[in-house]
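Asker: Below is the structure I would like to discuss, written out as structure tokens.
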Amino acid sequence: MVNTASSMVRLAATQIGYREGQDPSGNWNNLNKYGAWYGWNGVAWCAQFVSWLAANTGNTDVIPKFQYCPTGLEWFRSRSLTGHWPPAPGDIMFVRRIIDGVQRTPHVGIVEKYLGGGKVQTIEGNTNDNGSYQGNGVYRLVRQDSETGTGYIYA
């Protein structure tokens, strides 16, 4: 695959259904191929998934290798690559939430397409079918943003 947003979306779609490992008791354990590739396995891996997509489609010139969502967001912001609306296929979607009274960036995924009315179809790693920030696999989700795009940050 070559350096395009569509190549990232196509590769991401092939990963839907991938699940992380389980310990002997059957609990999900964050061990996965994206963490193994990154060199830091057994931790939250949504950003590793996005980084893996970029690396495997030749997009590392426009998407950094990152593990920590706030670091990835800061990379895009420092290059004035955030704040556009509506999102386009291949855009990176950062989740922003107030957690314990502080604005945080706990999760990231890739935009598959904008559906209109603030609905964004994404492919995300380390989530579940409810859109959790800590899940067990790669899922296709529809997230409801505001109709002006203020609920998430797109890069």
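Asker: Given a 1.4 Å probe and every protein chain left where it sits, what share in percent of the accessible area of the chain is carbon and sulfur?
Answerer: 50 percent
Asker: Pop out the ³J(HN,Hα) list for the stretch 130-140 in order, Karplus 6.51 cos²θ - 1.76 cosθ + 1.60 with θ = phi - 60°, rounded to Hz; leave Gly and Pro as x.
Answerer: 9, x, 4, 6, 10, x, 10, x, 9, 9, 8
Asker: Viscosity 0.890 mPa s, temperature 25 °C: give me the Stokes-Einstein translational D for the stretch 1-93 in µm²/s, with Rh taken as the Kirkwood radius over C-alpha pairs.
Answerer: D, rounded to a whole number, is 173 µm²/s.
Asker: Give me the three principal axis extents of the chain from the C-alpha atoms, as integers in angstrom, largest value leading.
Answerer: Principal-axis extents of the chain (Cα, largest first): 46, 39, 28 Å.
Asker: How big is the stretch 1-52 on each of its three principal axes, counting only the C-alpha atoms and giving the largest first in Å?
Answerer: Taking the Cα atoms of the stretch 1-52, the three principal extents are 41, 22, 13 Å.
Asker: Pick from N59, N27, N130: which is most flexible by mean-square fluctuation in a GNM of the chain where alpha carbon atoms under 10 Å apart are linked?
Answerer: Highest fluctuation among the options: N27.
Asker: List residues of the stretch 1-27, by number, whose backbone nitrogen lies under 20 Å from a label position 7 Å along Cα→C-beta of N56.
Answerer: Within reach of a label on N56, which here means backbone N under 20 Å from a point 7 Å along Cα→Cβ, the stretch 1-27 contributes 1-22.
Asker: If you don't mind, another one. Report the local net charge at G118: Lys and Arg +1, Asp and Glu -1, summed over other residues whose C-beta lies under 11 Å from its C-beta.
Answerer: Computed value for this residue: 0.
Asker: Further question: When the Karplus curve 6.51 cos²θ - 1.76 cosθ + 1.60 is applied with θ = phi - 60°, which whole-Hz ³J(HN,Hα) does each residue of the stretch 58-75 get, with x for Gly and Pro?
Answerer: Coupling constants for the stretch 58-75: x, 9, 6, 6, 10, 9, x, 7, 9, 10, 9, 3, x, 5, x, 4, 4, 4 Hz.
Asker: Find which of T4, I98, P86 sits farthest along the positive direction of the dipole of the chain, computed with +1 on the beta-carbon of Lys and Arg, -1 on that of Asp and Glu, about the Cα centre.
Answerer: Checking the options against the dipole of the chain, the answer is T4.
Asker: Using R₀ = 30 Å, calculate the FRET efficiency as 1/(1 + (r/R₀)^6) where r is the Cβ-Cβ separation of W75 and E147; round to 0.05.
Answerer: Efficiency, rounded to the nearest 0.05: 0.60.
Asker: What residues qualify as long-range amide H neighbours of R104, i.e. H under 5 Å apart, gap of 5 or more or another chain, H built at 1.01 Å from N?
Answerer: Here the answer is R97, I98, I99, since their amide H atoms fall under 5 Å of that of R104.
Asker: Another question, if that's okay. What Kirkwood radius, in Å to one decimal, follows from the Cα pairs of the stretch 70-114?
Answerer: Evaluated over the stretch 70-114, this radius sits at 11.4 Å.
Asker: Then there's this: Once each part is reduced to its C-alpha centroid, what is the distance from the stretch 1-78 to the stretch 117-139 in angstrom?
Answerer: Cα centres, the stretch 1-78 to the stretch 117-139: 13 Å.
Asker: Would you compute, for the Cα atoms of the stretch 65-155, the largest minus smallest coordinate along each principal axis and list the three values in descending order, in whole Å?
Answerer: That works out to 30, 29, 28 Å along the principal axes.
Asker: Could you derive backbone 3J(HN,Hα) for the stretch 91-105 from the dihedral phi with the Karplus parameters 6.51, -1.76 and 1.60 (θ = phi - 60°), listing whole Hz in sequence and x where the residue is Gly or Pro?
Answerer: Values per residue, Gly and Pro as x: 5, 9, 10, 9, 7, 10, 8, 7, 10, 6, x, 10, 5, 10, 10 Hz.
The values are calculated or read from the model by the stated rules, or taken from the named source; none is laboratory data. Bear in mind the structure is a predicted one, so any value in this text is a computation, not a measurement. Reconstructed Cβ throughout: ideal geometry from the backbone, glycine too, with neighbour counts over all protein chains shown. Each accessible area value is taken on the protein alone, full model and side chains, heavy atoms only, with ligands, DNA and RNA left out. Shrake-Rupley method; radii C 1.70, N 1.55, O 1.52, S 1.80 Å.
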